[in-house]
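Chemist: Sharing a structure below in structure tokens format, with a few things to ask.
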Amino acid sequence: MKSAEIRDAFLKYFESEGHSIVPSSSLVPGNDPTLLFTNAGMNQFKDVFLGGDKRPYSRATSSQRCVRAGGKHNDLENVGYTARHHTFFEMLGNFSFGDYFKRDAIQFAWKFLTEVLGLPPERLWVTVHISDDEAADIWQKEMGVSPERFSRLDEDNFWQMGDTGPCGPSSEIFYDHGADVPGGPPGSENDDLDRYIEIWNLVFMQYERQADGELKPLPNPSIDTGMGLERIAAVMQGVHNNYDIDLFQHLLKAAAKATGSDDLEHKSLRVIADHIRSSAFLISDGVLPSNEGRGYVLRRIIRRAIRHGHKLGQKDAFFNTLVDALADVMGEAYPELNERKAQIAKVLLTEEEQFAKTLDKGMGVLEDALADLSGTEIPGDVVFTLYDTYGFPVDLTADIARERDLSIDQAGYEAAMEAQRQRARAAGNFKVDYTQASLDVPATEFTGYSELAGESKVLALLRDGA
Ligand code: ATP
Ligand code: MG
Ligand code: MG
Ligand code: MG
């Protein structure tokens, strides 16, 4: 089954069970200043769970685009290192707003996996919260899940969107990719190795976490579930690693061609294939590279991708050319990607040209410093110079360090940064960051999802003004 077919099968199944199909919301949350980017399907329903918003339906299903590259759920550092994490992914979900609760949520999920998709129950592993006897009984007594493929966990079975907001105990379903892959079942010592991969999280939404940490019961117990499309696609396509699914293979081939490399399993290619998705979708949703907030997260993602291309020997602009390959595989599900692809490519090209001015020289500075290095830590003043003069975000330098089994002196970097601020203050002026000053695109001015109908304001500005 292709990724697109799985997405359709999921939405149709839940529609047949009385759920309204709701389109994905923007990656920039329209209703929530506490959230950097949309990180789960439930985000657009947050106020419905909390009781402050009413919808014409009490059951919904969606395929939600998500970015986890900052905030509470941050997977940027996992990309390229695990088989299962992306910065951008699609989360399939079904939701009940005070309608059904645990029993139905469990039955729907089990039926979808074992009957609609036909997965063998002996490859699945279920977890529930240590306190949740009710869910444990439903799984074992009613669904017939073997106690041998079952664990009860604490933090891993309690889901929360952020430091505040809706939350509750959860039950998760894992797929066992088989003894060829190292790793132990959930709750065991080696569960972070990717043999048992978490595919679906069923959250029993019961509380609202208050700023002081207290758990306040919700007006109506509700259901929020999330299943990563790329992870279930890997299962259905008989591959272990998400990067081996149809969609990523297309992107990897395009990235290989654009960078002139031929090893489709190269970590740098995987990072590039991942990052083109998050970058393109963030731009499509109105974010532009800048030096603060959401725009800086986007800039960091783009620059990391460019640096990985550089590492593969591609010194010219290449990243922007991948937008076409992305539109090939995702344009049907997200028509706005097709409509905006020229503008997206233009934003990426601008960022590539900008960073090209300093990347090569900065790498030279770093290589010189590494040649003189004693110990395993890149000194803070080097990290600062790379940031300040060459436009290397700190996490980009840390990414290079990690590839070479080194780390960065974070405290030393912060001290250098502070010293710089004090000098600027003493001189009575405020330093203008070169990246901002010479960047000819406006910073993000996101003013709400409603304005994104048709063409976003920022992209219109860019088109007319650039
Ligand atoms: P993991 O433990 O593997 O990091 P998670 O527990 O953080 O996943 P949830 O917050 O429970 O994930 O999200 C629900 C589902 O979304 C997961 O079961 C998984 O299928 C998918 N998912 C989560 N994070 C990612 C990611 N970075 N890339 C791809 N899919 C993801
Ligand atoms: Mg995670
Ligand atoms: Mg997890
Ligand atoms: Mg989870």
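Chemist: What number of residues within the stretch 149-186 satisfy the criterion of being of a type outside the set (S, T, N, Q), closer than 30 Å to residue 214 by Cα, away from ligand 4 (no atom under 13 Å from the Cβ) and out of contact with any His (no Cβ under 9 Å at 6 or more places or on another chain)?
Modeler: Number satisfying all stated conditions: 4.
Chemist: Being touching an Asp or Glu at 6+ places or on another chain (Cβ under 9 Å), in contact (Cβ under 8 Å) with a residue 40 or more places away in the chain and closer than 19 Å to residue 24 by Cα narrows it down to one residue among 340, 307, 303; which is it? Outline the logic, then answer.
Modeler: Details: 307 fails: closer than 19 Å to residue 24 by Cα; 303 fails: closer than 19 Å to residue 24 by Cα.
Being touching an Asp or Glu at 6+ places or on another chain (Cβ under 9 Å), in contact (Cβ under 8 Å) with a residue 40 or more places away in the chain and closer than 19 Å to residue 24 by Cα holds for just one of 340, 307, 303, which is 340.
Chemist: At pLDDT below 95 and either farther than 24 Å from residue 70 by Cα or touching a Phe, Trp or Tyr at 6+ places or on another chain (Cβ under 6 Å) (or both): is that true of residue 333 in this structure?
Modeler: Values: at pLDDT below 95: yes; either farther than 24 Å from residue 70 by Cα or touching a Phe, Trp or Tyr at 6+ places or on another chain (Cβ under 6 Å) (or both): yes.
The answer is yes for residue 333.
Chemist: Related question: Can you name the residue in the stretch 207-239 that is in contact with a Pro (Cβ under 9 Å, 6 or more places away or on another chain) and free of Cβ contacts under 8 Å to residues at least 60 places away in the same chain and, of all such residues, is surrounded by the most Cβ atoms within 10 Å (Cβ to Cβ)? Can you show your working first?
Modeler: Taking the stretch 207-239 as the starting set, the residues that turn out to be in contact with a Pro (Cβ under 9 Å, 6 or more places away or on another chain) are 207-209, 218, 222, 224.
If we keep only those that are free of Cβ contacts under 8 Å to residues at least 60 places away in the same chain as well, we get 207, 209.
Values: 207: 20, 209: 18.
The selected residue is 207.
Chemist: So, one more: May I ask you to list pairs of residues, at least six apart or on different chains, whose Cβ atoms are under 7 Å apart, with the first in the stretch 389-412 being farther than 17 Å from residue 365 by Cβ and the second being part of a helix (DSSP H, G or I) and basic (Lys, Arg)?
Modeler: Cβ pairs passing all conditions: 395/300.
Chemist: Just to check your reading of the model, which residue among 169, 219, 186 is modelled with pLDDT under 95 and of a type outside the set (A, V, I, L, M)?
Modeler: Numbers: 169 fails: modelled with pLDDT under 95; 186 fails: modelled with pLDDT under 95.
Only one candidate passes the filter, namely 219.
Chemist: Could you please let me know if residue 198 is away from ligand 4 (no atom under 16 Å from the Cβ) and charged (D, E, K, R)?
Modeler: Working: away from ligand 4 (no atom under 16 Å from the Cβ): no; charged (D, E, K, R): yes.
The answer is no for residue 198.
Chemist: Taking the stretch 86-114, which residues are touching a helix residue (DSSP H, G or I) at 6+ places or on another chain (Cβ under 7 Å) and free of Cβ contacts under 8 Å to residues at least 60 places away in the same chain?
Modeler: 103, 114, listed by residue number.
Chemist: Any residue that is within 16 Å of ligand 2 (Cβ to nearest atom) and over 24 Å from residue 111 (Cβ atoms) - is there at least one of those in the stretch 167-183?
Modeler: Scanning the stretch 167-183 turns up at least one residue that is within 16 Å of ligand 2 (Cβ to nearest atom) and over 24 Å from residue 111 (Cβ atoms).
Chemist: If you go through the stretch 157-206, how many residues are surrounded by fewer than 19 Cβ atoms within 10 Å (Cβ to Cβ), of a type in the set (D, E, K, R), more than 10 Å from ligand 1 (Cβ to nearest atom) and over 27 Å from residue 101 (Cβ atoms)?
Modeler: 3
Chemist: How many residues are under 19 Å from residue 168 (Cβ atoms), among the hydroxyl-bearing types (Ser, Thr, Tyr) and not in a strand (DSSP E or B) if we restrict to the stretch 58-99?
Modeler: Residues in the stretch 58-99 being under 19 Å from residue 168 (Cβ atoms), among the hydroxyl-bearing types (Ser, Thr, Tyr) and not in a strand (DSSP E or B): 1 in total.
Chemist: Given the criterion out of contact with any Cys (no Cβ under 8 Å at 6 or more places or on another chain) and within 16 Å of ligand 2 (Cβ to nearest atom), identify the matching residue among 213, 226. Full working, then the answer.
Modeler: Numbers: 213 fails: within 16 Å of ligand 2 (Cβ to nearest atom).
From the options 213, 226, the qualifying one is 226.
Chemist: Does any residue of the stretch 274-284 turn out to be part of a helix (DSSP H, G or I), free of Cβ contacts under 8 Å to residues at least 12 places away in the same chain and either buried (at least 24 other Cβ atoms within 10 Å of the Cβ) or not hydroxyl-bearing (Ser, Thr, Tyr) (or both)? Give the derivation first.
Modeler: If we filter the stretch 274-284 for residues that are part of a helix (DSSP H, G or I), which is where we start, we get 274-284.
Subsequent filtering for residues that are free of Cβ contacts under 8 Å to residues at least 12 places away in the same chain retains none.
Scanning the stretch 274-284 turns up no residue that is part of a helix (DSSP H, G or I), free of Cβ contacts under 8 Å to residues at least 12 places away in the same chain and either buried (at least 24 other Cβ atoms within 10 Å of the Cβ) or not hydroxyl-bearing (Ser, Thr, Tyr) (or both).
Chemist: Then there's this: Return the total of residues in the stretch 247-262 being part of a loop (DSSP other than H, G, I, E, B) and at pLDDT 95 or above. Talk me through it step by step, then tell me what you get.
Modeler: Just the residues of the stretch 247-262 that are part of a loop (DSSP other than H, G, I, E, B), to begin with: 260-262.
Going one step further and asking which of them are at pLDDT 95 or above, we end up with 260-261.
The total comes to 2.
Chemist: Only one of these is out of contact with any Asp or Glu (no Cβ under 7 Å at 6 or more places or on another chain) and within 16 Å of ligand 4 (Cβ to nearest atom): 283, 223, 276. Name it. Can you show your working first?
Modeler: Working: 283 fails: within 16 Å of ligand 4 (Cβ to nearest atom); 276 fails: within 16 Å of ligand 4 (Cβ to nearest atom).
Unique residue meeting the criteria: 223.
Chemist: Being within 16 Å of ligand 3 (Cβ to nearest atom), of a type outside the set (Phe, Trp, Tyr) and in contact with a Gly (Cβ under 6 Å, 6 or more places away or on another chain) is the requirement here; does residue 91 meet it?
Modeler: On the way: within 16 Å of ligand 3 (Cβ to nearest atom): yes; of a type outside the set (Phe, Trp, Tyr): yes; in contact with a Gly (Cβ under 6 Å, 6 or more places away or on another chain): yes.
For residue 91, the condition - within 16 Å of ligand 3 (Cβ to nearest atom), of a type outside the set (Phe, Trp, Tyr) and in contact with a Gly (Cβ under 6 Å, 6 or more places away or on another chain) - is met.
Chemist: If you go through the stretch 56-82, how many residues are closer than 30 Å to residue 268 by Cβ and either touching a residue at least 40 places away in the same chain (Cβ under 8 Å) or not polar (S, T, N, Q) (or both)? Don't jump to the end; show me each part of the working.
Modeler: Filtering the stretch 56-82 for residues closer than 30 Å to residue 268 by Cβ gives 63-82.
Still in the running and either touching a residue at least 40 places away in the same chain (Cβ under 8 Å) or not polar (S, T, N, Q) (or both): 63-73, 75-77, 79-82.
Total meeting the criteria: 18.
Chemist: While we're on this one: Could you identify the single residue in 320, 291 that is on the phi < 0 side of the Ramachandran plot and assigned to a loop (DSSP other than H, G, I, E, B)? It would help to see each step written out before you state the result.
Modeler: Working: 320 fails: assigned to a loop (DSSP other than H, G, I, E, B).
Only one candidate qualifies: 291.
Chemist: Taking the conditions exactly as written (part of a strand (DSSP E or B) and within 16 Å of ligand 2 (Cβ to nearest atom)), does residue 202 satisfy them or not? I'd like the intermediate steps shown before the answer.
Modeler: Values: part of a strand (DSSP E or B): yes; within 16 Å of ligand 2 (Cβ to nearest atom): yes.
Yes; evaluated as a whole, the condition is true for this residue.
Chemist: Considering only residues that are within 16 Å of ligand 3 (Cβ to nearest atom), closer than 21 Å to residue 218 by Cβ and surrounded by 23 or more Cβ atoms within 10 Å (Cβ to Cβ), which ones fall in the stretch 42-82?
Modeler: Residue satisfying the conditions is 42 alone.
Chemist: Of all residues being without any contact (Cβ under 8 Å) to a residue 24 or more places away in the chain and not charged (D, E, K, R) in the stretch 31-55, which is farthest from residue 205 (Cα to Cα)? Just the residue, please.
Modeler: Among those that are without any contact (Cβ under 8 Å) to a residue 24 or more places away in the chain and not charged (D, E, K, R), it is 33.
Chemist: Of (1) in contact with a Lys or Arg (Cβ under 6 Å, 6 or more places away or on another chain); (2) of a type outside the set (A, V, I, L, M, F, W, C); (3) within 12 Å of ligand 1 (Cβ to nearest atom), residue 96 satisfies all except one. Which?
Modeler: For residue 96, the failing item is (3).
Chemist: Another one. I'd like the residue in the stretch 158-207 that is in contact with a Leu (Cβ under 9 Å, 6 or more places away or on another chain) and among the acidic types (Asp, Glu) and, out of all such residues, is nearest to residue 140 (Cα to Cα).
Modeler: 172
Chemist: Do you know which of the residues in the stretch 126-156 that are in contact (Cβ under 8 Å) with a residue 60 or more places away in the chain and over 16 Å from residue 196 (Cβ atoms) is surrounded by the fewest Cβ atoms within 10 Å (Cβ to Cβ)?
Modeler: Residues of the stretch 126-156 that are in contact (Cβ under 8 Å) with a residue 60 or more places away in the chain, as a first pass: 127, 132, 135.
Right, trim to over 16 Å from residue 196 (Cβ atoms) and you get 132, 135.
Details: 132: 21, 135: 24.
The qualifying residue surrounded by the fewest Cβ atoms within 10 Å (Cβ to Cβ) is 132.
The values are calculated or read from the model by the stated rules, or taken from the named source; none is laboratory data. All values reported here derive from a predicted model rather than from experimental measurement. Counting neighbours? That spans all protein chains shown, and the Cβs are built from the backbone with ideal geometry, glycine included.
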